[in-house]
1. Give the Rg (one decimal place) followed by the Dmax (whole number) of the range 1-43, computed from C-alpha coordinates and expressed in Å.
2. Send over a whole-number figure in Å² for the accessible area per residue of the range 67-119, probe 1.4 Å.
3. Quick one: the Cα spread of the range 54-121 along its three principal axes, in angstroms, biggest first?
4. Please give the helix 88-97 orientation as an angle from the longest Cα principal axis of the chain, in degrees from 0 to 90, rounded to the nearest 10.
5. Can you work out the FRET efficiency for the pair Lys171 and Thr149, with r the C-beta to C-beta distance and R0 = 30 Å, to the nearest 0.05?
6. Pull out a ≥ b ≥ c, the square roots of the eigenvalues of the alpha-carbon gyration tensor of the range 125-190, then state rounded if a/c is under 1.5, prolate if not and a/b is larger than b/c, and oblate in the remaining case.
7. Measure nothing but the geometry: give the 0 to 90° angle between the long axis through the Cα atoms of 60-71 and the longest principal axis through the Cα atoms of the chain, rounded to 10°.
8. Given a 1.4 Å probe and the protein chains all in place, what does the accessible area of Lys118 round to, in Å² to the nearest 10?
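The values are calculated or read from the model by the stated rules, or taken from the named source; none is laboratory data. The shown structure was predicted, so the numbers you read here are calculated from the model rather than taken from an experiment. All Cβ positions, even for glycine, are placed from backbone atoms using ideal geometry, and neighbour counts span all protein chains on display. Heavy atoms of the whole protein, side chains included, go into the accessibility calculation; ligands, DNA and RNA do not. Shrake-Rupley method; radii C 1.70, N 1.55, O 1.52, S 1.80 Å.
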Amino acid sequence: MKIYILLGHPLNESYNGSIAEAYADKARRAGHEVRMQKLGEMNFNPNLFMGYNEVQALEPDLLEAQQNIIWCEKWVIIYPVWWGSMPAILKGFFDRTLLPGFAFKYHTKGPYWDKLLKGRTAELIVTSDSPSFWLRLKYRNSDIRSIKTATLWFCGFSNIRTYRISSLRGKENQYRNKQTEILLNRIFKP
């Protein structure tokens, strides 16, 4: 399988960064082709200045991201919950990369659209300091719903799986590493 991993945390040396590296290693050992991009290493302006009213040239890193999205069969996005949502740079990445004509195309008549990225699956790996029940109860999983439904499904992705590693505040690296191991064993079942 062709897997594109996007590290949605701006710091490569974060817990999310270690999950991304461990995922890539496990996927390669399982025989998958892997491409990875890390938002903290990418050079792009996350602001879609004019919305869709004017074409804003894509920087080389965003062009590469589009190529990776077209290439992949599975897109893995790893990010933390910040203020009940994704980091701003990840939102900016989506705004600038998943453009009309690339990810979707509105019909000229009526409210519908074509999903131009059909045939791909996705996995969201989400970390949070808050417990899962709190994110479900108070925020109604706003972070996951935003990316899973309003972004990926809208563009045509299907079979979108979500995994959450929560209650991380104050936890030591040993605990975090164990949670990563459990998660990856679940994803890459023999």
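1. 10.3, 31
2. Numbers: 2730 Å² over 53 residues.
It amounts to 52 Å² per residue over the range 67-119.
3. Projected onto its principal axes, the Cα set of the range 54-121 covers 38, 27, 27 Å.
4. Compared with the principal axis, the helix lies near 40 degrees.
5. Taking R0 as 30 Å, the efficiency between Lys171 and Thr149 is 0.55.
6. Numbers: a/c = 2.99, a/b = 1.31, b/c = 2.29.
Oblate is the answer for the range 125-190, as a/c is 1.5 or above yet b/c matches or exceeds a/b.
7. 80
8. Roughly 140 Å² of Lys118 is accessible to a 1.4 Å probe.
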